[in-house]
Amino acid sequence: MAAIRFKRGTRAQLDTAAGANALAQGEPYLISDESRVAVGTAVGAYKAMLREDDAVVAPQIHAAAAKTTPVDADELGLVDSEATNGLKKLTFANLKAWIASLFVSRTSASIEGNIVVDGLARRFIGDFSNATAGNRLVFQTSAANAVTDVAVMPSGTGTTAGWRAYNASDPNNASLIRLEIGATEALVRSGQIGTGSYLPLSFLTSNTSRFTISTTGKFSIGGAASAWDTDKTPIQFVTAWSSLWSHDTNKTIGICANYYFAAGGRTSIGAAASTEVQAGSGGVYIRNYPSVAANTLVGAALVDFNVTPAGAQLSTPQLLGYGTGAGGTVTQPTNKSTAVTLNKPCGRITTHNASLPGGTSVAFTFNNSLIGTDDGVDVWCSSPQNYKVRTGVPSTGSVPVYIENTTISGLSDALTINFRVLKGATS
C-alpha cells in the first residue's frame, strides 16, 4: 500500500499558514491538537474533516442557507428511538400528515372536553347560506333519532343568557333581534347598536305577515300598518281594514271599520260607509257615517247611539228597535181562545177567524220563553179595525192577550196582532 505523507501542526499553525498563503490545493494536513485531517482548498484556505465522534448537526444547520417555505419533498433528519437511535429522514409531507392527525380533521372528528377560544372577535366560519339547504353548516345532535336542542347558558352565578342576530357584518353598527331569558322573565328584543335602526317585530306564517309590533309599540294584525295616528295607540286589523285603538287624551278605546287612524287622523280605505264604536268614561257610542274622506268622516252620522250614565239615547233622527231576523210569525188554530206559542222578542200573531159577538171580549194565552214577570209586552191590531187588543199581567214564559169587538155586531175576522217584548227589572 502506498504511503501518504501529511504535514503536521496545530490548528493555530495551520491557520497561520493559510494566512501566509503557504497551503496547497489538495494537500493533506493533520491537525495534531484535534486529531483531525484537513485538506487544502487553495493557497489560503482549507477544509477540516469530521471525526466519528463529532457532534456536527447543530453547527452545520446553523451554517446552512435558509429556506422560508418548505415543500412536501424537503427532508428533516431525526434520531429513531425505536431503532437503536439510528439516523432517519422525514419528509415534510409525512410531517404535515402526522401533525394534522393530532387536531380536528376537516372532514370529521370527535372532541373530548371543552372547546375554549381565546382572543377577541373570533368567528365560527362556514357555509351557512348555501342555496341548497342540505349543503349548509348546521348543528345536529350525535344521538340517534333524537331531538337537537342548541342551548346557551350563563356562567357561575349569572342569571341571563340569550341569542342574538345582526343585520350587518359589523355588529357594532347594526339592527338586532335578541331572544333572552333572565331571572324573572323571558324577553324578545328588537334592538340596535351604533348606527343600526330599531325595526318592527313581525310574526309570519306561510311567508305572510300575521302580526306586527311597530317600533313605537303599536300592534297591527294581518300585516304591517303603513302609518298611525300619533296620539293613539291602536291595534289595527290591516286585512279587514279596521282598527282597535286607544286614545290617550280622551281616555277612550274604539273599534272602527272601513277606515283606520293614520298620522294626522282618520284615513279612508275606499269604503262607501264607515262605522265607529267608542267606549270611554263618558259612555259607549256607536256611529255610522256615509263615507270617509281625508281625516274626515263625511256627513252627519247615519246612526249615533250613545249609552251614558244618564241613559241611552239616539243623537240623530233614527229608529230604535228590533231589526230584521229578530221577529217571527204564528197562526192561531181552532178558535180565538186557543193558546199560541212563538219564542221571539217581536213578531206577528194571526188569530183564528171564529165569530166574536159585538161588545164582547175573548182571551188567549201567548206562550213566549222570552217573557218574564217584570217585562212589558206591547200588542196592537194592525188589521182589521173594530177591535181592541191588550195584554194582562205577564208571568214567566207567557202573557194573556185580550181581544174586544168594539162594534154591536158579531164579526168573524182573522186579526193580525203585532207584538214586542221589552225587558224590565225590579232591582
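Considering only residues that are of a type in the set (A, V, I, L, M), in a loop (DSSP other than H, G, I, E, B) and under 30 Å from Arg5 (Cα atoms), which ones fall in region 22-77?
The answer is Ala22, Leu23, Ala24, Val43, Met49, Leu50, Ala55, Val56.
Answer yes or no as to whether Lys96 is surrounded by 10 or more Cβ atoms within 10 Å (Cβ to Cβ), at pLDDT 85 or above and part of a strand (DSSP E or B).
Answer is no for this residue.
For the condition modelled with pLDDT of 95 or more and closer than 28 Å to Ser427 by Cα, what is the one hit in Ser395, Ser355?
Ser395
Considering only region 322-357, state which residues are among the hydrophobic types (A, V, I, L, M, F, W, C) and either touching an Asp or Glu at 6+ places or on another chain (Cβ under 9 Å) or more than 20 Å from Tyr387 (Cα to Cα) (or both).
Listed by number, the residues that qualify are Ala326, Leu342, Cys346, Leu356.
Select from region 11-21 the residues that are assigned to a loop (DSSP other than H, G, I, E, B) and either surrounded by 13 or more Cβ atoms within 10 Å (Cβ to Cβ) or not assigned by TED's automatic domain parsing to the domain that holds Val37 (or both) and list them in ascending order.
none
Of the residues that sit in region 390-416 and are touching a Phe, Trp or Tyr at 6+ places or on another chain (Cβ under 7 Å), touching a residue at least 24 places away in the same chain (Cβ under 8 Å) and within 23 Å of Leu342 (Cβ to Cβ), which one is surrounded by the fewest Cβ atoms within 10 Å (Cβ to Cβ)?
Checked region 390-416; the qualifying residue surrounded by the fewest Cβ atoms within 10 Å (Cβ to Cβ) is Gly392.
Scan (1) among the β-branched types (Val, Ile, Thr); (2) surrounded by 11 or more Cβ atoms within 10 Å (Cβ to Cβ); (3) farther than 30 Å from Ser214 by Cα for the single condition Ile111 breaks and write down its number.
All conditions pass for Ile111, except number (2).
With the condition kept exactly as written, say whether any residue in region 54-64 is of a type outside the set (Val, Ile, Thr), out of contact with any helix residue (DSSP H, G or I) (no Cβ under 7 Å at 6 or more places or on another chain) and more than 30 Å from Trp98 (Cα to Cα).
The answer is yes; a qualifying residue exists.
From the list Val138, Val147, Val152, which one is farther than 24 Å from Arg122 by Cβ and among the β-branched types (Val, Ile, Thr)?
After applying the criteria, what remains is Val147.
Taking into account only those residues within region 168-199 that are over 14 Å from the mean Cα position of the chain (by Cα) and of a type in the set (Val, Ile, Thr), which is nearest to Arg123 (Cα to Cα)?
Looking at residues that are over 14 Å from the mean Cα position of the chain (by Cα) and of a type in the set (Val, Ile, Thr), I get Ile193.
For Pro317, all conditions in the list (1) part of a loop (DSSP other than H, G, I, E, B); (2) surrounded by 15 or more Cβ atoms within 10 Å (Cβ to Cβ); (3) at pLDDT below 65; (4) not small (Gly, Ala, Ser) hold save one; what is the number of the exception?
Evaluating Pro317 over (1) part of a loop (DSSP other than H, G, I, E, B); (2) surrounded by 15 or more Cβ atoms within 10 Å (Cβ to Cβ); (3) at pLDDT below 65; (4) not small (Gly, Ala, Ser) leaves (2) as the failure.
Only one of these is within 60 Å of the chain's Cα centre (by Cα), of a type in the set (Gly, Ala, Ser) and either within 20 Å of Thr331 (Cβ to Cβ) or not assigned by TED's automatic domain parsing to the domain that holds Thr341 (or both): Ser355, Ser383, Ser398. Name it.
Ser398
Within region 136-152, can one find any residue that is over 30 Å from Ile181 (Cβ atoms), free of Cβ contacts under 8 Å to residues at least 40 places away in the same chain and surrounded by fewer than 10 Cβ atoms within 10 Å (Cβ to Cβ)?
Looking for residues that are over 30 Å from Ile181 (Cβ atoms), free of Cβ contacts under 8 Å to residues at least 40 places away in the same chain and surrounded by fewer than 10 Cβ atoms within 10 Å (Cβ to Cβ), one finds none in region 136-152, hence no.
Please go through (1) in a strand (DSSP E or B); (2) farther than 14 Å from Val421 by Cβ for Thr338 and return the number of the only condition it doesn't satisfy.
(1)
Taking the condition exposed (fewer than 12 other Cβ atoms within 10 Å of the Cβ), free of Cβ contacts under 8 Å to residues at least 40 places away in the same chain, at negative phi and assigned to a strand (DSSP E or B), does Leu179 pass?
Here the answer is no, as Leu179 does not meet what is asked.
Is there a residue in region 200-213 that is within 29 Å of Ala121 (Cα to Cα) and not small (Gly, Ala, Ser)?
yes
The values are calculated or read from the model by the stated rules, or taken from the named source; none is laboratory data. Since we're looking at a predicted model, the values are computed, not measured. Glycine also receives a Cβ, built like all others from the backbone with ideal geometry; neighbour counts cover every protein chain displayed.
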